[in-house]
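> Before I ask anything, here is the structure I am working with.
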Amino acid sequence: MRGIRFFIYRSPTNNLSVDCDCVATPEAPEMADIGVFASLDPVALDKACIDAVRESPDHGKIHLIERIDSRCGPWNLEYAEQIGCGTRQYELVVLE
């Protein structure tokens, strides 16, 4: 098949825990649902999700932000942009 191929990346941000879904016994969720994010750019998608967590009024975000920062989350996005995986710039469009 020829033509343009693209991927749509999505990130449901519900039942947010400090652990990845891949962990066998993850910590219990401490943050409420934020919504579902989608993008053609995986770096912009992750940046939008992290920004949404940081801007959330939910007190449970403290633990998640600590985990993101302790794992060099912002630096990982910067590096992904540097090597051409996408951009940290995004426009958030809210669908209701």
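The values are calculated or read from the model by the stated rules, or taken from the named source; none is laboratory data. Note that the structure is predicted; figures quoted are calculated from it, not measured. Methodologically, a virtual Cβ is constructed for each residue, glycine included, from the backbone with ideal geometry; neighbour enumeration extends over all protein chains shown. The accessibility values were calculated without ligands, DNA or RNA, using every heavy atom of the protein model including side chains. Shrake-Rupley method; radii C 1.70, N 1.55, O 1.52, S 1.80 Å.
> Counting only residues that are farther than 13 Å from LEU92 by Cβ and either open to solvent by less than 40 Å² (accessible area, probe 1.4 Å) or β-branched (Val, Ile, Thr) (or both), how many does the range 14-41 have? Full working, then the answer.
Quick first cut of the range 14-41, residues farther than 13 Å from LEU92 by Cβ only: 14-33, 40.
After this cut, where a residue has to be either open to solvent by less than 40 Å² (accessible area, probe 1.4 Å) or β-branched (Val, Ile, Thr) (or both) as well, the list is 16-19, 23, 25, 31.
Counting residues in the range 14-41 that are farther than 13 Å from LEU92 by Cβ and either open to solvent by less than 40 Å² (accessible area, probe 1.4 Å) or β-branched (Val, Ile, Thr) (or both) gives 7.
> Restricting attention to the range 1-33, report how many residues are farther than 18 Å from LYS47 by Cβ and among the polar types (S, T, N, Q).
4
> Ok, one more. Please verify whether the range 72-86 includes one or more residues that are at positive phi, surrounded by 15 or more Cβ atoms within 10 Å (Cβ to Cβ) and assigned to a loop (DSSP other than H, G, I, E, B). Steps first, please.
First pass over the range 72-86, keeping only residues at positive phi: 72, 84, 86.
Next, only the ones that are surrounded by 15 or more Cβ atoms within 10 Å (Cβ to Cβ) stay: 86.
So of that shortlist, the ones also assigned to a loop (DSSP other than H, G, I, E, B) come out as 86.
Yes, the range 72-86 contains a residue that is at positive phi, surrounded by 15 or more Cβ atoms within 10 Å (Cβ to Cβ) and assigned to a loop (DSSP other than H, G, I, E, B).
> Hey, among VAL36, VAL43, VAL94, which residue is assigned to a strand (DSSP E or B) and closer than 30 Å to ARG5 by Cβ?
Numbers: VAL43 fails: assigned to a strand (DSSP E or B); VAL94 fails: assigned to a strand (DSSP E or B).
Within the list VAL36, VAL43, VAL94, the selection yields VAL36.
> Could you tell me how many of the residues in the range 1-13 are of a type outside the set (Ser, Thr, Tyr), open to solvent by less than 100 Å² (accessible area, probe 1.4 Å) and part of a strand (DSSP E or B)?
Looking only at the range 1-13, we keep the residues that are of a type outside the set (Ser, Thr, Tyr), and these are 1-8, 10, 12.
So of that shortlist, the ones also open to solvent by less than 100 Å² (accessible area, probe 1.4 Å) come out as 3, 12.
Pick out the ones that are also part of a strand (DSSP E or B) and you get 12.
Residues that pass the stated criteria total 1.
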